[in-house]
1. For the stretch 110-124, give me each residue that is open to solvent by less than 50 Å² (accessible area, probe 1.4 Å), of a type in the set (A, V, I, L, M, F, W, C) and under 19 Å from Val412 (Cα atoms).
2. How many of the residues making up the stretch 193-207 are open to solvent by 60 Å² or more (accessible area, probe 1.4 Å) and of a type in the set (A, V, I, L, M)?
3. Considering each residue of the stretch 358-402, count those that are hydrophobic (A, V, I, L, M, F, W, C) and in contact with a Leu (Cβ under 9 Å, 6 or more places away or on another chain), and give that number.
4. In the list Leu70, Leu56, which residue meets the criterion of being closer than 25 Å to Trp215 by Cα, open to solvent by 10 Å² or more (accessible area, probe 1.4 Å) and assigned to a strand (DSSP E or B)?
5. Given (1) farther than 30 Å from Asp33 by Cα; (2) touching a Ser or Thr at 6+ places or on another chain (Cβ under 6 Å), identify the lone condition not met by Phe192.
6. Which members of the stretch 147-187 meet the condition of being over 28 Å from the mean Cα position of the chain (by Cα) and open to solvent by less than 20 Å² (accessible area, probe 1.4 Å)?
7. Tell me which of these Gly238 doesn't satisfy, since it passes every other one: (1) surrounded by fewer than 17 Cβ atoms within 10 Å (Cβ to Cβ); (2) in contact with a Leu (Cβ under 9 Å, 6 or more places away or on another chain).
8. Given the conditions (1) in contact with a helix residue (DSSP H, G or I) (Cβ under 8 Å, 6 or more places away or on another chain); (2) farther than 25 Å from Ala326 by Cα; (3) not in a loop (DSSP other than H, G, I, E, B), report the number of the one that Val125 does not fulfil.
Amino acid sequence: MVDIASPEQIQPSAHSAPVKVSRRRLRVCHECDLLLALPRLKSGEKAECPRCQHTLVRRQTNPAERSLALAFATLIALVLSVAFPFLSFNISGIGNGIALTDTASALMSLHYPLVALSVLLTVIVLPCLYLCSLIWLCVGMTRNKLLPRSHRIARTLGYMTPWMMADVFVIGTLVSLIKIIGMADIELGLSFWTFCAYAILLLLTTQSVDRDWLWQHLDPEPKAPNHAQLGFSASLQGLAGCNTCGLVNRVSSLGKARCKRCGELLHPYHGVNNQATLALLFASVLMYLPANLYPIMVTTSLGDTQASTILGGVLMFFQHGDWPIAIIILTASVLVPVCKMLALLWLCYIVRQPKSVLSPLSRNRLYRITEFIGRWSMVDVFVVAILVALIRNGSLMSVEPGAAAISFTAVVILTMLAAILFDPRSIWLHTAPPLTHISQHASSTKSLSSTSKEEPHV
């Protein structure tokens, strides 16, 4: 693992000269805005920011070949998951079978296009686009000849990653099976097993992508500006790191600037500005009320129709002794959205306070947890999609989505956007002065040190 050396490790000698660092190695931490330089990393090593412990770079062995092989395998698993039967059930001679795409088409036929589109995009469409884009890039790099539009395609990878939820869909499938396994015979199709493999492979594929290495091979020419002082905040020097390719750019205080390597819009820090996050949180709170007051699912059995809310479904599982599944739904559908909204609201408030009970590092960790857990609230949406597609036998037995399904899907999307738009740099730059004596390097498993009397510069 790579950590930046502590100040004790870099005490300068009395007669040492300023340290010169290659401008190609300069990076800005996107979570605390610290300007630093990457060490020379070996395969399997990673570099972390010394102030906020954010992982800056994680090197892989043969990254292009590795990502290409994983992307191909994942794409094949996705094709198999779509091509074969996914699930089927049978009860007293009445049954039904579905394919993976039926989870979205059934919702569309019942006039729930937002929910259907959310399922289709997060489970099939966006992962497919991601895999095809990655294969396109890796093929060009392995041939040492970039394919057309590689730069534009590479820019899209980071935007798609948070919205790919195949692993969440697997949990939603298991929850759906537990709901109906006691009253019907369930048969798992070939697509179910290939989908589980697809979810695992997709996770491995996204973790195999080293965006820093990728952009160094796509366009190695641009360098960071001259006269940059390491160990200081980038924004105080009129610099900004590109969130897409990592290049350090000089920006002016007037107008919008774009990265000179990838063309992405830069976001220099101009002080605490959480209006977008607060607006999205306010909208999510408004949508969360009908999501819990209205039924999320309407079940018909032998002509008897029963509507259930999210909390009603949790209580039903508790009453039937299905404690594990009740706890999963309670956590994903109730605790996670509420805790996420409260945590983001608290962070938006506390960044304007000079003192707080929690340290900046603790607040930053809270933000990372909040950003990570938000997507798992989609479990309940996926459960509704699967049951609606699987159980469709008219008045004998059927499941239809309730009005709360739309509201709850909106809550998940809005809270995820709120976390993405929150600027974690405000946690550090408003509550504490920039570090002026921190090491300029992210350290690796080998020992790294600096011997500069002055602040390291480029």
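The values are calculated or read from the model by the stated rules, or taken from the named source; none is laboratory data. What you are looking at is a predicted structure, and each value in this text was computed from that prediction instead of being measured. When we count neighbours, we look across all protein chains shown, and the Cβ atoms used for this are built from the backbone with ideal geometry, even at glycine. Heads up: the accessible areas ignore ligands, DNA and RNA and are worked out on the full protein's heavy atoms, side chains in. Shrake-Rupley method; radii C 1.70, N 1.55, O 1.52, S 1.80 Å.
1. Val115, Ala116, Val119, Val123, Ile124
2. Residues flagged as open to solvent by 60 Å² or more (accessible area, probe 1.4 Å) and of a type in the set (A, V, I, L, M) within the stretch 193-207 amount to 3.
3. 11
4. Leu56
5. (2) is the only condition that Phe192 fails.
6. Of everything in the stretch 147-187, those that are over 28 Å from the mean Cα position of the chain (by Cα) and open to solvent by less than 20 Å² (accessible area, probe 1.4 Å) turn out to be Ile180, Ala184.
7. Condition (2) is where Gly238 drops out.
8. Going through the list (1) in contact with a helix residue (DSSP H, G or I) (Cβ under 8 Å, 6 or more places away or on another chain); (2) farther than 25 Å from Ala326 by Cα; (3) not in a loop (DSSP other than H, G, I, E, B), Val125 breaks only (1).
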